[in-house]
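Beneath this line is the structure, given in structure tokens, with notes to follow.
Just so it is clear, none of the values below were taken in a lab; they were calculated from the coordinates. Because the structure is predicted, anything quoted here is derived from the model rather than measured. Positions of Cβ are generated from backbone atoms using ideal geometry, with glycine treated the same way; all protein chains shown enter the neighbour counts.
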Amino acid sequence: MSSLVLRYFHVDAFTQTPFAGNPAGVCPLDAFLPAGLMQQIAAENNLAETAFVVPRAGTPAEYDIRWFTPAVEIDLCGHATLAAAHVLFTHLGFAGAQVTFHSQSGPLRVAREADGRLTLDFPSRPPQELLSHPTGLSDALHATPLRVLAARDLLVVFNTEAEVLALRPDYARIAALEYVGVIATAPGPGEVDFVSRFFAPRVGVPEDPVTGSAHSTLIPFWAEKLGKTELRARQISSRGGDLWCRLRGDRVDISGYAVTYATGELRVGDNA
């Protein structure tokens with residue numbers, strides 16, 4: 001394979017400071033590379049996701065986007081979409097107030113707010129209550145949740161933030177549950193409505209620092225439970241991240257900040 005030189009950005013999403021939030025790789029391209037090569041790049045980057053972004057011909061505010069974990073291509077990713085929009089707005093001269101990404105999960109819009117936050121317009125994925133806990137769930141979590149629901153991911157509900165913080169999951173058992181990931185959540189302290197953690201070893205991400213796509217399920221769940229459509233959320237991983245959330249019918253708004261950590265080039269190929 002001949003050598004390729006690709007632009008590359010490392011962005012921390014859902015944070016205003018480096019070394020917090022969720023790091024994502026962003027590769028702007030003229031056309032998508034072969035899927036196997038994009039997977040290799042994501043594995044080499046070894047971040048939760050790397051986003052590959054391609055402009056749509058004749059539509060300057062629209063792009064195609066694909067996301068890869070170190071192990072697989074994923075159907076929906078929030079933090080890497082936020083990171084991709086940040087790169088367009090901050091580094092690549094995109095002057096509009098809103099950009100649209102076309103993805104496996106349909107069109108995803110990202111708007112630039114006056115205070116610097118970026119707002120994702122994502123599908124709502126309300127969870128459904130499970131009549132029984134999946135086999136091995138309590139052993140996988142080393143804890144028994146109050147409730148268990150499911151959409152793309154399992155949603156396990158606890159009484160307190162302290163219980164979610166105390167979880168020490170068995171990643172091999174989590175990966176055997178046949179869901180993309182497991183969202184653990186509980187009511188938040190006074191300044192936030194709910195907290196969460198997200199485990200996805202099945203797709204190569206043992207614990208994701210801040211997970212936008214999980215909030216497609218968390219927002220409708222907590223909006224119904226708390227009787228409000230605007231919520232504040234915090235993902236309480238070791239890096240941590242803050243999200244501003246809104247339920248809009250079958251869509252959710254997920255807002256947060258992003259900061260660039262590094263820019264550079266990727267050199268791919270036999271002669272790189």
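In table form, for the structure just shown:
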item: Inter-centroid distance (Cα atoms) of the stretch 206-242 relative to the stretch 40-71, Å; result: 23 Å
item: Equivalent ellipsoid semi-axes - Cα gyration tensor, the stretch 72-172, angstrom; result: 35, 15, 13
item: Radius of gyration and Dmax over the Cα atoms of the chain, both given in Å; result: 18.2, 59
item: D (Stokes-Einstein, µm²/s), Kirkwood Cα radius, the stretch 128-239, 1.567 mPa s at 4 °C; result: 94 µm²/s
item: Measure of compaction for the stretch 215-272 (Cα Rg per 2.2 N^0.38 Å); result: 1.72
item: Rule-of-thumb Rg ratio for the stretch 49-123 [Cα; 2.2 N^0.38 Å; N residues]; result: 1.03
item: Spin-label pair TYR171/THR263, simplified geometry with 7 Å Cα→Cβ offset, distance in nm; result: 3.3 nm
item: Qualifying GluC sites (Glu not before Pro) in the stretch 162-219, DSSP loop, other Cβ atoms within 10 Å at most 12; result: GLU178, GLU191
item: Förster-model FRET efficiency, 22 Å R0, HIS142 and VAL72, C-beta, rounded to 0.05; result: 0.25
item: Cβ crowding within 10 Å averaged over residues, with 149-157, 126-134, 168-176, 212-220 ranked highest first; result: 212-220, 149-157, 168-176, 126-134
item: Sorted largest first, extent of the stretch 1-106 alpha carbons per principal axis (Å); result: 36, 35, 28
